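Have a look at the structure below, then the notes.
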Amino acid sequence: MKNWFHTYPNVSRLILSAFLLAAALIGSGFIRIPFVPVGLVLVILVTWLMLRSEGRDLSFLGFDVKVRHLLLIPAGLLLGITSYLLSFYVGTLVRGDHIKVSRMIDGTMLLKEFWRVLPTAAVQDFIIVGYCYVKLIELTNKRIATVMFGLFFISLHEVWGGNIVNDLFYASTLFMGYLMFSTAYLRSGSIWLVIGLHWGNNFANSYLFTFTHTATSWLYISGQQQHNLTTVWQAIGLFIALNIGAVSVIIAAKLLWRPQN
C-alpha cells in the first residue's frame with residue numbers, strides 16, 4: 001500500500017480525501033454542538049490535513065483572510081443573488097406569469113435563514129471545487145475535471161423521478177451552476193468567491209424570490225404558473241431563462257479576473 005501511494009500519489013490522495021470527506025459528512029450527523037456547523041468544520045479540517053500533507057495550507061485554495069480574498073464574499077453574494085433574480089424574471093416572462101412585490105417581510109426569519117443557508121453551501125463548495133477538484137485537475141486537465149465534478153454536483157441533488165423533460169432542464173441548470181462555481185474559482189483563485197456565489201444563489205432561490213408567497217419573499221409569482229411546456233419556443237425560452245443567470249456570472253468572472261494557476 002505504501003509503495004502504491006508513492007507510485008501514484010495524486011490518485012492515492014484523491015481517493016483518500018474522498019474517503020475522509022465522506023467520513024466527515026457521515027460523522028457530522030452523530031455530533032451535535034450548539035451553534036457550530038460541525039459538518040463544515042470537519043470538511044475544512046480534512047481539506048487542511050490533505051493540503052498539509054503536501055506542505056501546503058488552506059491559502060492554496062484562496063481560503064485565507066487576505067483583504068482581496070475576503071472582499072470576494074460580498075461580491076459573490078451580490079452576483080449570486082443577482083444571477084438568480086435574472087433567471088427568475090426571464091422565466092416569469094416565458095411562462096406568462098406575473099411578479100408581485102411582498103408588502104410585508106419577516107425580517108427576523110429572513111436574517112435567520114440567511115445565515116442558515118451558509119454552512120450547507122460552504123460544505124458543498126469544499127467538496128466540488130476544493131482539494132479533490134484540484135487533484136483531479138492535476139491528474140487530467142481542467143476540462144475533464146470540470147465535467148466530472150459537474151456531473152457529481154448533479155448527483156448531489158434529487159433530480160430524477162418526475163417529468164423527464166423537467167428533470168433534464170433541472171439537471172442542465174445544475175450543470176451550468178457548477179460551471180459558474182468552477183469558473184469563479186479558477187478565475188479568482190479563491191474559494192471565497194464560490195462560497196459567496198453559492199450562498200447568495202441558494203438564499204435568493206429559497207427565500208427572496210419564490211414561486212409562492214412566503215414570510216420571507218421579496219418577490220413572488222402570481223399567475224397561471226405554466227410549468228408544462230406547450231411549444232418548442234417556450235421550451236427554448238425556459239432553457240435560456242434557467243441558465244441566463246449562470247452564463248452572465250461566467251462572463252462577468254472572465255471579464256473581472258484573469259485565469260489563476
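Among the residues of region 82-129, what is the count of those that are β-branched (Val, Ile, Thr), over 20 Å from HIS157 (Cβ atoms) and within 16 Å of the chain's Cα centre (by Cα)?
Residues of region 82-129 that are β-branched (Val, Ile, Thr), as a first pass: 82, 90, 92, 94, 99, 101, 105, 108, 117, 120, 123, 127-129.
In the following step, the residues that additionally are over 20 Å from HIS157 (Cβ atoms) were identified as 82, 90, 92, 94, 99, 101, 105, 108.
Remaining after also requiring within 16 Å of the chain's Cα centre (by Cα): 82.
Total satisfying the criteria: 1.
Would you call THR82 touching a strand residue (DSSP E or B) at 6+ places or on another chain (Cβ under 7 Å), surrounded by 15 or more Cβ atoms within 10 Å (Cβ to Cβ) and part of a helix (DSSP H, G or I)? Spelling it out, it is not the case that THR82 is touching a strand residue (DSSP E or B) at 6+ places or on another chain (Cβ under 7 Å), surrounded by 15 or more Cβ atoms within 10 Å (Cβ to Cβ) and part of a helix (DSSP H, G or I). Report, by residue number, each residue of region 130-150 that is more than 14 Å from the chain's Cα centre (by Cα), more than 20 Å from GLY39 (Cα to Cα) and surrounded by 15 or more Cβ atoms within 10 Å (Cβ to Cβ). Residues satisfying the conditions are VAL134, LYS135, LEU136, ILE137, ALA145, VAL147. Considering only residues that are hydrophobic (A, V, I, L, M, F, W, C), at pLDDT 90 or above, in a helix (DSSP H, G or I) and surrounded by 12 or more Cβ atoms within 10 Å (Cβ to Cβ), which ones fall in region 88-122? Hits for region 88-122 are PHE88, VAL90, MET109, LEU110, PHE114, VAL117, LEU118, ALA121, ALA122. Here SER188 fulfils each of the conditions (1) over 22 Å from LEU72 (Cβ atoms); (2) modelled with pLDDT under 95; (3) under 19 Å from the mean Cα position of the chain (by Cα) apart from (1). When you check SER28 against the structure, is it farther than 19 Å from CYS132 by Cα and either among the β-branched types (Val, Ile, Thr) or in contact (Cβ under 8 Å) with a residue 12 or more places away in the chain (or both), yes or no? It is true that SER28 is farther than 19 Å from CYS132 by Cα and either among the β-branched types (Val, Ile, Thr) or in contact (Cβ under 8 Å) with a residue 12 or more places away in the chain (or both).
The lone criterion from (1) touching a residue at least 60 places away in the same chain (Cβ under 8 Å); (2) within 26 Å of LEU72 (Cβ to Cβ) left unmet by THR92 is number (2).
Scanning region 215-229 for residues that are at pLDDT below 90 and either in contact with a Leu (Cβ under 8 Å, 6 or more places away or on another chain) or of a type in the set (Ser, Thr, Tyr) (or both) gives SER222, LEU229. For the criterion of being more than 22 Å from the chain's Cα centre (by Cα) and at pLDDT below 85, LEU238 fails.
Of all residues in region 33-75, those satisfying the criterion of being under 28 Å from LEU256 (Cα atoms), under 19 Å from the mean Cα position of the chain (by Cα) and assigned to a loop (DSSP other than H, G, I, E, B) are GLY62, PHE63, LEU71. Regarding region 177-193, can at least one residue be identified that is of a type in the set (D, E, K, R), in contact with a helix residue (DSSP H, G or I) (Cβ under 7 Å, 6 or more places away or on another chain), part of a helix (DSSP H, G or I) and more than 20 Å from LEU118 (Cα to Cα)? Yes - at least one qualifying residue is present in region 177-193.
Would you mind telling me which numbered condition in (1) in a helix (DSSP H, G or I); (2) surrounded by fewer than 20 Cβ atoms within 10 Å (Cβ to Cβ) ASP125 fails? ASP125 satisfies every listed condition except (2).
The values are calculated or read from the model by the stated rules, or taken from the named source; none is laboratory data. Note that the structure is a prediction, hence the values are computed from the model and not measured. All Cβ positions, glycine included, derive from the backbone under ideal geometry; neighbour counts span all protein chains shown.
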